[in-house]
Structures are given as C-alpha cells and as structure tokens.
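Structure record follows, encoded as structure tokens.
The values are calculated or read from the model by the stated rules, or taken from the named source; none is laboratory data. From a predicted model like this one, the values you see are computed outputs, not experimental measurements. All Cβ positions, even for glycine, are placed from backbone atoms using ideal geometry, and neighbour counts span all protein chains on display. Each accessible area value is taken on the protein alone, full model and side chains, heavy atoms only, with ligands, DNA and RNA left out. Shrake-Rupley method; radii C 1.70, N 1.55, O 1.52, S 1.80 Å.
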Amino acid sequence: LRKELDVAMVVSSYANVVFSYGPERFAAACEALGIDGIIIPDVPFEEREEFLAPCRTHNVALICMVAVTSKERVRTIAREAEGFLYIMACPGTREQELTELLALVRENTSTPCLICLTGTEECRMETVAARTDGVAVDVPIVELVEQYGSKAPSAVGIFLSRLKETLS
C-alpha cells in the first residue's frame, strides 16, 4: 500500500503482540513498511516508555489515547501527543462530556485529533466534526458486519453515506 498511497498509515496492536515481537524490532518493521504510527490501546500513557524510545528511533509516532475518564491526565497527554491524538468516545458518554473533553484537548495541543466512535449512533457526529480532524469508524463497521453478515456491505455503505453527509 505504501507504494500506492501517500497518506498516513497507522497500525493498532495490543502490547503482548509488540512484546512478543520485540518493541525495537516491531518499530523497525513499521519504519521499513512505511507505517507512520502505532496505537497500543492497552498501554496506559504513564507506561508507554518501553515503546516510546524504539518508536522515536524509527520515526514511528506512538499515538496517545484519551477519554472522558482520563480526567486530569488529559492536559499532559495532549501536550505530549505525537502524530495525532486518539480520542475515545466510549458508549454512554454524554455529548456535554465529549464537548468538554474536546475543548480541554484543544486548549492543550495543536496536534491533530481523531475521534473513535464506538457505535453506529449519530447523535454526536456534528459535535465531533466541529472539533476534530477525523473520525475512526472501525468499531461500528465491525458491529454492522456482525449484525448483517453477508448483507453487511449494503449496511456499511448506508452507514458511511450517512456519516459523510452528517460530517460534511
């Protein structure tokens, strides 16, 4: 893909995969493949050091994550974000909480922000579009595939069309 695309590419992996491969070797492989960043969702911000040094050595951004539950850590995480900041819109997060989180993030970083929607709900999309630089919709797409099986392409197409319309 890297030979054909000139867009940022990011991989997501759990820490045990990176550990078993070796953080240095994993970061080197990412660099060799043209991967721009990695998200390791099960590594807390405060415990990222073992991954951060190899990532920096190999020019791979270690993407930080924040959620409404990050509370006082948001300022620190936002200030130290590399590549982009991955914002989790957890199920049950109220729109007001999300608005406050996004405002706090913007006060503390100019790093681009991408929000992960964790369901097919559309109630927050306008709020999201006004304050973020992108939207990750992998979770809703997986949910649609689980729900519709072989008929999922149509459902996914409808969802993405509505999302595009809402965010335009």
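Filtering segment 128-168 down to residues that are part of a helix (DSSP H, G or I) and in contact (Cβ under 8 Å) with a residue 40 or more places away in the chain, which residue is least open to solvent (accessible area, probe 1.4 Å)?
L163
Can you spot a residue in segment 50-60 that is modelled with pLDDT under 95 and in a helix (DSSP H, G or I)? Outline the logic, then answer.
Narrowing segment 50-60 to residues modelled with pLDDT under 95: 50.
Going one step further and asking which of them are in a helix (DSSP H, G or I), we end up with 50.
There is at least one residue in segment 50-60 that is modelled with pLDDT under 95 and in a helix (DSSP H, G or I).
Working carefully through the options C116, C55, find the one that is surrounded by 13 or more Cβ atoms within 10 Å (Cβ to Cβ) and within 29 Å of A155 (Cα to Cα).
C116
Among the residues of segment 92-105, write down those that are outside any loop (DSSP other than H, G, I, E, B) and either at pLDDT below 80 or open to solvent by less than 30 Å² (accessible area, probe 1.4 Å) (or both). If you could, list the steps in order and put the result at the bottom.
Taking segment 92-105 and keeping what is outside any loop (DSSP other than H, G, I, E, B), we get 95-105.
Once the filter is applied, which keeps residues that are outside any loop (DSSP other than H, G, I, E, B) and either at pLDDT below 80 or open to solvent by less than 30 Å² (accessible area, probe 1.4 Å) (or both), segment 92-105 yields E95, L98, L101, L102, V105.
Could you check segment 106-148 and list, in sequence order, the residues that are at pLDDT 75 or above and out of contact with any strand residue (DSSP E or B) (no Cβ under 9 Å at 6 or more places or on another chain)?
Correct list: E107, N108, S110, I141, V142, E143, L144, V145, E146, Q147, Y148.
Can we say K3 is at positive phi and without any contact (Cβ under 8 Å) to a residue 40 or more places away in the chain?
No.
Can you name the residue in segment 13-52 that is open to solvent by 80 Å² or more (accessible area, probe 1.4 Å) and hydroxyl-bearing (S, T, Y) and, of all such residues, is nearest to V135 (Cα to Cα)?
Here the residue is Y14.
Can you tell me which of A81, A15, A89, A8 is within 17 Å of the chain's Cα centre (by Cα), closer than 28 Å to P140 by Cβ and at pLDDT 95 or above?
Exactly one of A81, A15, A89, A8 is within 17 Å of the chain's Cα centre (by Cα), closer than 28 Å to P140 by Cβ and at pLDDT 95 or above, namely A15.
Looking at (1) without any contact (Cβ under 8 Å) to a residue 60 or more places away in the chain; (2) within 29 Å of L101 (Cβ to Cβ), which is the only condition V10 fails?
Going through the list (1) without any contact (Cβ under 8 Å) to a residue 60 or more places away in the chain; (2) within 29 Å of L101 (Cβ to Cβ), V10 breaks only (1).
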